[in-house]
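The values are calculated or read from the model by the stated rules, or taken from the named source; none is laboratory data. Since the model is a prediction, treat every value here as computed from it, not as a measurement. Positions of Cβ are generated from backbone atoms using ideal geometry, with glycine treated the same way; all protein chains shown enter the neighbour counts. With ligands, DNA and RNA removed, areas are computed over all heavy atoms of the protein, side chains included. Shrake-Rupley method; radii C 1.70, N 1.55, O 1.52, S 1.80 Å.
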Amino acid sequence: MDATNTQPLTPKPKKKPVGPMIFKYMGRHGFLLIPVFLFLILITYLRTLIPLFTQHIVDFVLRYSDQGSRLPVFLFRLVDAGDPKTQLLLAAALMVGVDIVRALAIIARRMTSAVFAERVTFDLRNHLYRKLQNLGYSFHTHSETGDLIQRCTSDVGTYQNFIKDQIVEVARLTLLVVISIWQMSKLNGNLMLISLASAPVLLVIASIYSLQVEKQFKIIEDNESKMTTAVQENVSGSRVVKAFANERHEVEKFEVLNRKFTDSDIKLTRKMARFWSGTDIICFVQLCVVSSIGLVMAARGEITLGVFTAFVAYSGNIIWPMRQLGRLVGDFSKAGVAITRLDDILSQKDEYAGEGGSLTPEFTGEIEFDHVAFQFPDSLTHQLEDIDFRIRRGETVAIIGRTGSGKSTLMRLLVRLLDPISGSIRFDGVDSRQIEKHHLRNNVGIILQEPFLFSKTVEENIKIADRNNSSDRVQEVAKIARIHEDIVGFEKGYATLVGERGVTLSGGQKQRVAIARMLLKPKPILIFDDSLSAVDTETDLQIRSALKQEWKQSTVFIITHRITTAKEADRIFVLEKGRIAETGSHDELLAQGGIYKQIWDIQSQLDFQLEGGESDAR
């Protein structure tokens, strides 16, 4: 069986087409695009009528030609009344009316687009957050926090802007070009073909530009992600930076990342400048050619002056949208990079999807490790090998060993943050891989080595384990964890904010709040992953004594480096290089004279020296 359930963020071996991904996450809100495009058709059609009004006024009202008006019949009937002055006023009024209708349609289209984009991104953000919650331990340990934050904010914003504006703009420009070509074909086919002469050139240039900027957008996103990660890590680790007076190094490191980001952005700007200037020249030349040929044809009588003026307007409707195509291609490339980065997260396999475990047995606290082995995918050696033991209900087990001996990995296997590559772990005789993960974790309480407190009040942090508990119960478990006296000493007591927005707790206080949080909801199995290391020996003893009285039936695992904490356990396992080197009670292990005895002697000598130093100081 695989050691992990979810792979970390890595580049996909096979590039997915961007188009389907863009529409994939529109989900149930895709129907809102129907009114958007209906409004778009109306807006575009009304715009293409303006040149025909010009032709009507020049050729029909002002009598510069006897070829008549090219207005659609339903509009012509509205303005064909009275003398020329009346006809001119009617035509002007109808043009204003058409523009007013067009403006109202634009407002409706923009509002509908905004609602559509907001609803899609609302669902997308929720989807992303749920996905991140349900991804496995391996994913989060291999992913950079700053990069994930950028994907969930900046990349979502890029996608939102694209579906709100750019995707509609593509449709608008396409409709404008198509309808303009159709209107031009009715006026003069030859001049229409001349007006389209630059189109192939602009399309080729836009395609080349698209390939170039797509690569550059990816480089920019990666550089920005590294810069965001550096900021996040520096802010989170500000105490470490200041403790080692490392501010100058951190500033220099950020300047290097900032320079890379700035240089990549400038490089993109240069590419865009070359594209815009080049296409501007092509468009200007094309308009000059159409105008010159149109004037010659008008002078020869091949077209009327009104048709010529309409053609100049229609040429702009064709040439400038094709020039805009480059910008839209660039926006599409940027959105493609963003949605690909989002899809890298959303396409990951959920930790709970197809896990195989569906049983929800009753937990009593009996645990068996049957020749369990574990190895991380990127490791050359086993972290754990041939771990074999059985724990009875209500037993307290201490696990000690050198740093890197596999103690924390062992506990992560217990709660299925990781899965063994061989052997099995059984709870009351049931293989852990057959148990539904949520059910398993609801029956195993774990306090990690580095407890995390949310930016909430002390009471809210404790209640995270069970929000339905009363304040009295919160205070009870706080007393067991020996944190109650500290909390009532705060100005606002249990209503005191902790975390980024509130007071800063000491390491020992954080660990005791985390212990209280776990104790709020009794569980048959409790794990202390070196979570008593930041409290003094006396407090450690008081917490463990209170636990024995309150949770006599719970099986307790204590991972520790401190022999004084381990010696009170019913059994002690000594891990060495991923194997159980020794097992037994405190007295039995001392009698064996092995690793445990060595650690005991060293720590006893250190404690004696410290006590002696204190006596001398007094």
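Just tell me which aspartates and glutamates come within less than 16 Å, Cα to Cα, of Lys577; anything on the same chain fewer than 8 places away is out.
The qualifying aspartates and glutamates are Glu385, Asp386, Asp388.
Based on alpha-carbon centroids, what's the gap between the stretch 194-267 and the stretch 94-115 in Å, whole number please?
38 Å
Tell me the angle of helix 84-134 to the major Cα principal axis of the chain, expressed in degrees between 0 and 90 and rounded to the nearest ten.
It is inclined by approximately 20 degrees.
Computed FRET efficiency, Cβ-Cβ of Phe284 and Arg259, R0 35 Å: what is it to the nearest 0.05?
Working: r = 37 Å, r/R0 = 1.06.
Here the calculated transfer efficiency is 0.40.
Quick check for you: which residues of the stretch 256-277 have the amide N under 16 Å from the point 7 Å beyond the Cα of Ser154 toward its beta carbon?
Backbone N within reach: 256-269.
Rounded, prolate or oblate, given the Cα gyration tensor of the stretch 336-397, with a/c below 1.5 counting as rounded?
Working: a/c = 3.74, a/b = 1.78, b/c = 2.10.
The shape class here is oblate.
Using only the Cα atoms of the stretch 73-189, what semi-axes does the equivalent ellipsoid have when each is the square root of 5 times a gyration tensor eigenvalue? Give whole Å, largest first. Working shown, then result.
Numbers: eigenvalues 542, 50, 18 Å².
Here the semi-axes work out to 52, 16, 9 Å.
Hey, with R₀ at 60 Å, roughly what FRET efficiency would Phe452 and Arg63 work out to, going by the Cβ-Cβ distance, to 0.05?
0.10
From Cα pairs below 8 angstrom and at least 6 apart in sequence, can you work out the relative contact order of the chain, rounded to a whole percent? Show your work: numbers first, answer last.
Details: 852 pairs, mean separation 96.9, N = 618.
Taking the mean separation of contacting Cα pairs over the length of the chain, I get 16 percent.
Checking the table Lys463/Lys510; Lys131/Lys260; Lys479/Lys523; Lys271/Lys334; Lys218/Lys242 against a 24 Å threshold on Cα-Cα, which pairs fail? Intermediate values should be presented prior to the final figure.
On the way: Lys463/Lys510 15 Å; Lys131/Lys260 31 Å; Lys479/Lys523 18 Å; Lys271/Lys334 14 Å; Lys218/Lys242 34 Å.
As for pairs spanning more than 24 Å Cα to Cα, those are Lys131/Lys260; Lys218/Lys242.
Sort 344-352, 226-234 for me by packing, meaning the mean count of neighbouring Cβ atoms within 10 Å per residue, highest on top. Walk me through the intermediate numbers first.
Details: 344-352: 16.6, 226-234: 18.2.
Highest-to-lowest ranking by the protection proxy: 226-234, 344-352.
Could you work out the relative contact order of the stretch 59-149? I mean the mean sequence separation of Cα pairs under 8 Å and 6+ apart, divided by the number of residues, in percent.
It rounds to 13 percent for the stretch 59-149.
Subtract the Cα-Cα distance of Leu193 and Lys577 from 0.36 nm times their separation in residues, and report this length gain in nm to one decimal.
130.3 nm
Roughly how tilted is helix 247-300, in degrees to the nearest 10 and between 0 and 90, from the longest Cα axis of the chain?
Its long axis makes an angle of about 20 degrees.
As I understand it, the value is the acute angle between the Cα axis of helix 537-550 and the longest principal axis of the Cα atoms of the chain; what does it come to in degrees, rounded to 10?
90 degrees
Before I look further, what does the stretch 392-438 give for accessible area per residue, probe 1.4 Å, in whole square angstrom?
About 33 Å² of surface per residue is accessible.
Take the Cβ-Cβ distance between Val488 and Arg125 as r, set R0 to 30 Å, and report the resulting FRET efficiency rounded to the nearest 0.05.
0.15
Counting only DSSP beta bridges with both residues in the chain, tell me the antiparallel percent, nearest 5.
45 percent
Using a/c under 1.5 as the rounded threshold, could you call the stretch 36-133 rounded, prolate or oblate? The axes a ≥ b ≥ c are square roots of the C-alpha gyration tensor eigenvalues, and prolate needs a/b larger than b/c, oblate otherwise.
Numbers: a/c = 5.70, a/b = 4.12, b/c = 1.38.
Prolate shape, in that a/c is at least 1.5 and a/b is the bigger ratio.
Toward the positive end of the charge dipole of the chain, about the Cα centre and with charges on Cβ (Lys, Arg +1; Asp, Glu -1), which of Ser554, Leu175, Val513 goes farthest?
Leu175
Could you grab the Rg to Rh ratio for the stretch 33-85? Cα atoms only, Kirkwood for Rh. Provide the component values of the computation, followed by the final result.
Values: Rg = 14.1 Å, Rh = 12.4 Å.
Over the Cα atoms of the stretch 33-85, Rg/Rh equals 1.13.
What do you get for trypsin sites (Lys or Arg not before Pro) in the stretch 391-473 restricted to DSSP loop and a cutoff of at most 11 other Cβ within 10 Å of the site's Cβ?
Values: sites: Arg392, Arg393, Arg402, Lys407, Arg412, Arg416, Arg426, Arg433, Lys437, Arg441, Lys456, Lys463, Arg467, Arg473; in loops: Arg392, Arg393, Arg402, Arg416, Lys456, Arg467.
Counting only loop positions with at most 11 other Cβ atoms within 10 Å, the trypsin sites (Lys or Arg not before Pro) in the stretch 391-473 are Arg467.
Which value, in debye to the nearest 20, describes the size of the charge dipole of the stretch 344-459 about its Cα centre when Lys and Arg Cβ atoms bear +1, Asp and Glu Cβ atoms bear -1, and nothing else is charged? It would help to have the intermediate numbers written out before the result.
Values: 13 positive and 19 negative charges, 59 e Å.
The calculation lands at about 280 debye.
What are the semi-axes of the equivalent ellipsoid for the stretch 213-338, taken as the square roots of 5 times the Cα gyration tensor eigenvalues, largest first, in whole Å?
55, 12, 9
Carbon and sulfur: what percent of the chain's accessible surface (1.4 Å probe)?
57 percent
Hey, could you pull the Cα Rg and Dmax for the stretch 280-396, both in Å?
36.2, 106
With runs of 4+ DSSP H residues as the only contributors, calculate the mean residue ellipticity of the chain at 222 nm using -39,500 (n - 2.57) per run, divided by the residue total and rounded to the nearest 500. Could you put the intermediate results ahead of the total?
Numbers: 23 runs with 370 residues, N = 618.
After summing the helix terms and dividing by residue count, I get -20000 deg cm²/dmol.
For Phe37 paired with Thr174, estimate the spin-label separation in nm (one decimal), with each label point 7 Å from Cα along the Cα-to-Cβ line.
In this crude spin-label approximation the distance works out to 0.8 nm.
Note down the relative contact order for the stretch 433-555 as a percent, whole number, built from C-alpha pairs under 8 angstrom at least six residues apart.
Averaging sequence separation for qualifying contacts and normalising by length gives 38 percent for the stretch 433-555.
Would you mind getting the accessible area per residue of the stretch 194-310, heavy atoms of the protein chains only, 1.4 Å probe, in Å²?
Here the per-residue accessible area is 59 Å².
Only Lys, Arg, Asp and Glu count, each charged at its Cβ (+1, +1, -1, -1), so figure out the dipole size of the stretch 19-91 about its Cα centre, rounded to 20 debye.
400 debye
Among Asn468, Leu453, Ile425, pick out the residue whose Cα is farthest towards the positive end of the charge dipole of the stretch 425-475, where Lys and Arg carry +1 and Asp and Glu carry -1 on C-beta, about the Cα centre.
Checked the options; the winner is Ile425.
Taking every eigenvalue of the Cα gyration tensor of the chain, multiplying by 5 and rooting it, what semi-axes result, largest first, whole Å?
Working: eigenvalues 1086, 122, 107 Å².
Here the semi-axes work out to 74, 25, 23 Å.
Picking from His438, Tyr209, Ala108, whose Cα lies most toward the positive end of the charge dipole for the chain (charges on Cβ: Lys, Arg +1; Asp, Glu -1)?
Ala108
Which of the three applies to the stretch 126-207, rounded, prolate or oblate, going by the alpha-carbon gyration tensor with a ≥ b ≥ c and a/c under 1.5 meaning rounded? Intermediate values should be presented prior to the final figure.
Details: a/c = 5.66, a/b = 3.37, b/c = 1.68.
It is prolate, given that a/c is not under 1.5 and a/b is the larger ratio.
Suppose we take every Cα in the stretch 415-562 and form the convex hull; what volume per residue is that in Å³?
It comes to 124 Å³ per residue, whole-number rounded.
Skip the ligands, DNA and RNA, and give the accessible area per residue of the stretch 49-149 with a 1.4 Å probe, whole Å².
For the stretch 49-149, the per-residue accessible area is 54 Å².
Please give the charge dipole size of the chain, origin at the Cα centre, charges +1 on K and R Cβ atoms and -1 on D and E Cβ atoms. Round to the nearest 20 debye.
Dipole size: approximately 2740 debye.
Stretch Val296-Arg390 to full length: gain in nm at 0.36 nm per residue minus the Cα-Cα span?
Working: separation 94, 0.36 × 94 = 33.84 nm, distance 9.91 nm.
Between Val296 and Arg390, full extension yields an extra 23.9 nm.
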